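Enquirer: Can you read through this structure? Questions will come right after.
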Amino acid sequence: MARRPITRWVENMPLFNKFKPAGVPAGDKETINLAVEELEAIRLKDLEGLDQESCAVRMKISRPTFHRVLSSARLKVAKALVEGSVLLIEGGDYKIHKRKFNCSGCGHHFEVPFGTSKRGIDMVCPQCNGPNVHRIDRGGHGCGKQPWGRKRGQKP
């Protein structure tokens, strides 16, 4: 029996989900589906210029899994560009990272998905509408010596 895929963590949702050659109706071309986590892998590695280990940590997956996701994504993007196919970004097995905030005015704690505001600059408390909001999730990433928990094979 096959293992269930591990959920990948995504920080940014795509602003656009469909790309096609200019002047060609979308129905005339093959559609290639790129999963949201595949786009995230390209963003982290190629756009942000991170090494694979850092990318894997940010997506909460192993480095070999990150490499497979990235290779699949690059193959799909290359095929779409070379063959002039429609590239549709949707689906996948992912969760969206959330940022945690605290309102100094009323003490309310709340979470906001990444990419929904300008880094908290325009953030207001959803309970009291106060502007005195501060991010509180900048500490550690979990338990253990590794950034996201135990290293594989180590006992607690």
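Enquirer: Considering only residues that are under 15 Å from W9 (Cα atoms), part of a loop (DSSP other than H, G, I, E, B) and touching a Pro at 6+ places or on another chain (Cβ under 6 Å), which ones fall in region 49-95?
Expert: Correct list: D93 only.
Enquirer: Being modelled with pLDDT of 95 or more and either closer than 30 Å to P131 by Cα or in contact with a helix residue (DSSP H, G or I) (Cβ under 6 Å, 6 or more places away or on another chain) (or both): is that true of L44 here? Can you show your working first?
Expert: Values: modelled with pLDDT of 95 or more: yes; either closer than 30 Å to P131 by Cα or in contact with a helix residue (DSSP H, G or I) (Cβ under 6 Å, 6 or more places away or on another chain) (or both): yes.
When the stated conditions are applied, L44 passes them.
Enquirer: Next question. Could you list all residues from region 76-109 that are farther than 30 Å from Q127 by Cα and free of Cβ contacts under 8 Å to residues at least 12 places away in the same chain?
Expert: A78, L81, V82 - these are the residues of region 76-109 that are farther than 30 Å from Q127 by Cα and free of Cβ contacts under 8 Å to residues at least 12 places away in the same chain.
Enquirer: Which residues, taken from region 1-33, are hydrophobic (A, V, I, L, M, F, W, C), under 29 Å from G84 (Cβ atoms) and more than 22 Å from the chain's Cα centre (by Cα)?
Expert: A22, V24, A26
Enquirer: Also, quick follow-up: Looking only at region 1-48, filter to residues that are aliphatic (A, V, I, L, M) and part of a helix (DSSP H, G or I); which one of those is surrounded by the most Cβ atoms within 10 Å (Cβ to Cβ)? Give the steps one after another, and end with the answer.
Expert: The first filter runs over region 1-48 and keeps only residues aliphatic (A, V, I, L, M), leaving 1-2, 6, 10, 13, 15, 22, 24, 26, 32, 34-36, 39, 41-42, 44, 47.
Then drop every residue that is not part of a helix (DSSP H, G or I), which leaves 26, 36, 39, 41-42, 44, 47.
On the way: A26: 11, V36: 20, L39: 24, A41: 29, I42: 18, L44: 24, L47: 9.
Among those residues, the one meeting the criterion is A41.
Enquirer: Looking at region 59-99, which of its residues are buried (at least 20 other Cβ atoms within 10 Å of the Cβ), farther than 30 Å from D28 by Cα and out of contact with any Phe, Trp or Tyr (no Cβ under 7 Å at 6 or more places or on another chain)?
Expert: I61, F66
Enquirer: Within region 20-59, can you find the residues that are farther than 21 Å from K95 by Cβ and among the hydrophobic types (A, V, I, L, M, F, W, C)?
Expert: Result: A22, V24, A26, I32.
Enquirer: For region 36-50, does any single residue satisfy the condition of being within 30 Å of C125 (Cβ to Cβ) and among the β-branched types (V, I, T)?
Expert: yes
Enquirer: Now a separate question. Can you confirm whether C103 is surrounded by 12 or more Cβ atoms within 10 Å (Cβ to Cβ), assigned by TED's automatic domain parsing to the domain that holds P131 and either under 30 Å from N129 (Cβ atoms) or in contact with a helix residue (DSSP H, G or I) (Cβ under 9 Å, 6 or more places away or on another chain) (or both)?
Expert: Yes.
The values are calculated or read from the model by the stated rules, or taken from the named source; none is laboratory data. Quantities reported herein were computed from a predicted structural model and do not represent experimental measurements. So basically every Cβ, Gly included, is an ideal-geometry build from the backbone, and we count neighbours across all protein chains shown.
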